[in-house]
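Only one structure is covered here, and it is reproduced in the block below.
What follows is calculated from the coordinates using simple rules that are stated; it is not laboratory data. Bear in mind that the values here come from a model prediction, so they are computed numbers and not experimental data. Please note: Cβ atoms are built from the backbone with ideal geometry, for glycine as well, and neighbour counts cover all protein chains shown.
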Amino acid sequence: MSASDSQFVESSTPEGQQRTLSRATRRGMLFAAGLSMYVVSFFLLAVGDFERLSGPVRGYSCAELALLSPFSEDGRSLLHEKPIEYFSLLGSGLINPLFLSMFFLQLFKVRASAIIILRNLAILMIPLSWIVFRYERLYPREGHVLWIVGMLLTFFAMSSLLAEPPKEQQA
């Protein structure tokens, strides 16, 4: 009996079907937990200021600032003065639209390779926010940590949905 035959036998038995359903339920719960963490993180304090010039900032304000400020007049001047900070800020601002794009592409069953590329790109862009923190003398707070954990958990739960199940062979 080959491995694919044993998978067919396992999935056709009640125990195998229950195991498959249990895995799908766990992945669904992980997905819901990750997405919930991601959403809640926007309402928590995301960054604090080392120099105490301003108070802590909530996640939704950070997301808005990171998304819009590279395109403002101050952002354009930052491009000439501190290009590394400018591109880090630009990349940080694009993480959330990239995450949401990947989420909706997954819902509409777009090619798995496109989703994998977007997922890896979003993960690689997370450290850009830390570069902005360094330049702006900020430190991460609970909202930033929850934002990252929520995204990674959602990515993990969605990655199992991308893998195609083995084709069942008829006996």
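Details
- For peptides 67-77, 140-150, 26-36, sequence by mean Cβ density within 10 Å, most packed first: 140-150, 26-36, 67-77
- Relative contact order of segment 3-162, pairs being alpha-carbon contacts under 8 Å that are 6 or more residues apart, as %: 37
- Debye, to nearest 20: dipole size of segment 3-162, +1 on Lys, Arg Cβ, -1 on Asp, Glu Cβ: 320
- Summarising the amide proton neighbourhood of ARG141: residues at separation of 5 or more, or on other chains, whose placed amide H is nearer than 5 Å comprise VAL47, GLY48.
- Net charge contributed by nearby residues that have their C-beta within less than 12 Å of ARG58 (K/R +1, D/E -1): -1
- The modelled label-to-label distance for the pair SER77/ALA114, using points 7 Å beyond Cα in the direction of Cβ, is 4.0 nm.
- Multiplying the residue separation of ARG27 and GLU64 by 0.36 nm and subtracting their alpha-carbon distance yields 10.3 nm.
- Evaluating 6.51 cos²θ - 1.76 cosθ + 1.60 at θ = phi - 60° for every residue in segment 125-140, the Karplus couplings come out as 7, 4, x, 4, 5, 5, 5, 4, 4, 4, 5, 8, 6, 10, 10, x Hz, glycine and proline recorded as x.
- Between ARG58 and ALA46, the built amide H atoms are under 5 Å apart, and every one of these is 5 or more places off in sequence or on another chain.
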